[in-house]
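Undergrad: Just dropping this structure here.
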Amino acid sequence: MTFLKRSLSLKGHRTSLALEPDFWAELDRIAEERSLSLAALIGMIDAERAPDQPLSSAARVFVLRALKAVPEQG
């Protein structure tokens, strides 16, 4: 399994997050759709996650929920 690691700043601290390329693509798309920077979107995910939930897991769940909220076309 291939992970891409990106570094960003959250709450003034540098951190890195490793996710599969497909999740990064969706996070980039969602951030652009919402006129947010990727760091701002990840910051929102970080602020809303449970204290014991890893950020990578929270990001994946966020993407899943965002995709499920989009009505199917066809």
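The values are calculated or read from the model by the stated rules, or taken from the named source; none is laboratory data. What you see is a predicted model, and the numbers here were worked out from it, not measured in a lab. Quick reminder, even Gly has a Cβ in these numbers, built from the backbone with ideal geometry, and neighbours come from all protein chains shown. Just the protein is used for accessible areas: all its heavy atoms, side chains included, with ligands, DNA and RNA removed. Shrake-Rupley method; radii C 1.70, N 1.55, O 1.52, S 1.80 Å.
Undergrad: How large is ³J(HN,Hα) for each residue in region 45-58, as worked out from phi by the Karplus curve 6.51 cos²θ - 1.76 cosθ + 1.60 (θ = phi - 60°), to whole Hz, x for Gly and Pro?
TA: Those phi angles translate into 4, 4, 5, 9, 7, 5, x, 9, 8, x, 4, 4, 5, 4 Hz.
Undergrad: If you don't mind, there's one more thing I want to ask. State to the nearest 20 debye the size of the charge dipole of the chain about its Cα centre, where the only charges are +1 on K and R beta carbons and -1 on D and E beta carbons. Could the numbers behind the result be given before it?
TA: Details: 10 positive and 10 negative charges, 51 e Å.
Dipole about the Cα centre, nearest 20: 240 debye.
Undergrad: If you filter the chain for GluC sites (Glu not before Pro), then keep DSSP loop positions with at most 16 other Cβ within 10 Å, what is left?
TA: Taking the chain and a limit of 16 other Cβ atoms within 10 Å, the loop GluC sites (Glu not before Pro) found are GLU72.
Undergrad: Next question, about the same structure. Counting only protein heavy atoms and using a 1.4 Å probe, what share of the accessible area of the chain belongs to carbon plus sulfur, as a whole percent?
TA: 53 percent
Undergrad: Another question about this same structure. In degrees between 0 and 90, to the nearest 10, how far off the longest principal axis of the chain does helix 21-33 point, with axes built from Cα atoms?
TA: It is inclined by approximately 80 degrees.
Undergrad: Now for a separate question. Calculate for the chain the 222 nm mean residue ellipticity that helices alone would give, adding -39,500 (n - 2.57) per DSSP H run of length 4 or more and normalising by residue count, nearest 500 deg cm²/dmol. It would help to have the intermediate numbers written out before the result.
TA: Details: 3 runs with 39 residues, N = 74.
The helix-only estimate for the chain comes to -16500 deg cm²/dmol at 222 nm.
Undergrad: Would you mind finding the longest exposed-site-free stretch of the chain, with exposed trypsin sites (Lys or Arg not before Pro) meaning DSSP loop and at most 16 other Cβ atoms within 10 Å?
TA: 50-74
Undergrad: Averaged over every viewing direction, what's the projected area of the C-alpha convex hull for the chain? Give it in nm², one decimal, please.
TA: Working: hull surface 22.9 nm².
Averaging across all directions leaves 5.7 nm² for the Cα convex hull.
Undergrad: Heavy atoms only, probe 1.4 angstrom, no DNA, RNA or ligands counted: give me SER57, SER7 ranked by accessible area, highest first.
TA: Final ranking, largest accessible area leading: SER7, SER57.
Undergrad: From largest accessible area down, sort VAL63, VAL70; use a 1.4 Å probe on the protein chains.
TA: VAL70, VAL63
Undergrad: Ignoring ligands, DNA and RNA, what accessible area per residue does the chain give at 1.4 Å, in Å²?
TA: Details: 5170 Å² over 74 residues.
Counting only protein heavy atoms, the per-residue value for the chain is 70 Å².
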